[in-house]
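The next block holds one structure in the form of structure tokens; read it before the comments.
The values are calculated or read from the model by the stated rules, or taken from the named source; none is laboratory data. The shown structure was predicted, so the numbers you read here are calculated from the model rather than taken from an experiment. A quick note on method: Cβ atoms are made from the backbone with ideal geometry, for glycine too, and the neighbour counts reach across all protein chains shown. The accessibility values were calculated without ligands, DNA or RNA, using every heavy atom of the protein model including side chains. Shrake-Rupley method; radii C 1.70, N 1.55, O 1.52, S 1.80 Å.
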Amino acid sequence: LKVHQQKSLFYLLRTHSLISLFFLSLCSFVDWDRYIARYNWKHAGQSYFHFDYLAHLAPSSISELWGDEEQLWEIQLWQSVQYPDEHNALTPETFQLKLQERAEAFCTDWENRPWLAWNARDYWTYQRLKQP
């Protein structure tokens, strides 16, 4: 288009900058931490489930990471066979405890926030964590 319609370099840079800005803005609407947690949990028996990394994702991902402790131990056992050189610093038990602590801390923080700090993502996270 630039060559055919004899557009300037400024036109090319401006157009590409706007398109890039649009796509970056569009990507910012995705809750990536929650998506990463869901993906890792879904593929836990096929690839490495990194307890250490997943325990430190955003609070919105905590509800995605809740799991049966027995299932987590099965994942740990499978990983110890498949990846003998890799070692998680967290056991499934400490992983669950860390998630529980983070969930409680988030809920306490949410309940003590002023209304000016309200945002939709944290509200939805709070609702998911408060469900039985």
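Miscellaneous remarks
- Working note: Karplus 6.51/-1.76/1.60 with θ = phi - 60° gives the stretch 120-131 the couplings 5, 4, 5, 5, 5, 4, 4, 4, 5, 6, 7, 5 Hz, where Gly and Pro are set to x.
- Rounded if a/c under 1.5, otherwise prolate or oblate - the stretch 15-79, Cα gyration tensor axes: prolate
- The chain - Rg over Rh from alpha carbon coordinates, Kirkwood radius: 1.19
- Estimated inter-spin distance, D85 and L12, nm [label 7 Å along Cα→Cβ]: 4.5 nm
- Ligands, DNA and RNA excluded, the heavy atoms of W32 present near 120 Å² of accessible surface to a 1.4 Å solvent probe.
- For the chain, a Gaussian network of Cα nodes joined below 10 Å ranks S28, S80, S20 by mean-square fluctuation, and the top entry is S20.
- Shown is the FRET efficiency for W32 and Q127, computed with R0 = 25 Å from the Cβ-Cβ distance and rounded to the nearest 0.05: 0.80.
- Zone residues, the stretch 80-101, relative to E69, backbone N less than 17 Å from point 7 Å out along Cα-to-Cβ: 90-101
- Per residue accessible area in Å² of the chain, where ligands, DNA and RNA are left out and the probe is 1.4 Å: 72 Å²
- Full extension of the chain between W78 and N112 yields a length gain of 8.1 nm, computed as 0.36 nm times the residue separation minus the alpha carbon distance.
- The local environment of L90, defined by Cβ-Cβ distances under 15 Å, has a net charge of -3 under the rule Lys, Arg +1 and Asp, Glu -1.
- For the stretch 51-106, the spherically averaged projection of the C-alpha convex hull amounts to 3.7 nm².
- Measuring nothing but how far apart in sequence close Cα pairs (under 8 Å, 6+ apart) lie, relative to its length, the stretch 13-69 scores a relative contact order of 41 percent.
- T15 sits with roughly 40 Å² accessible to a 1.4 Å probe, with DNA, RNA and ligands left out of the calculation.
- Here the chain has 59 percent of its accessible surface on carbon and sulfur atoms, given a 1.4 Å probe and all protein chains in place.
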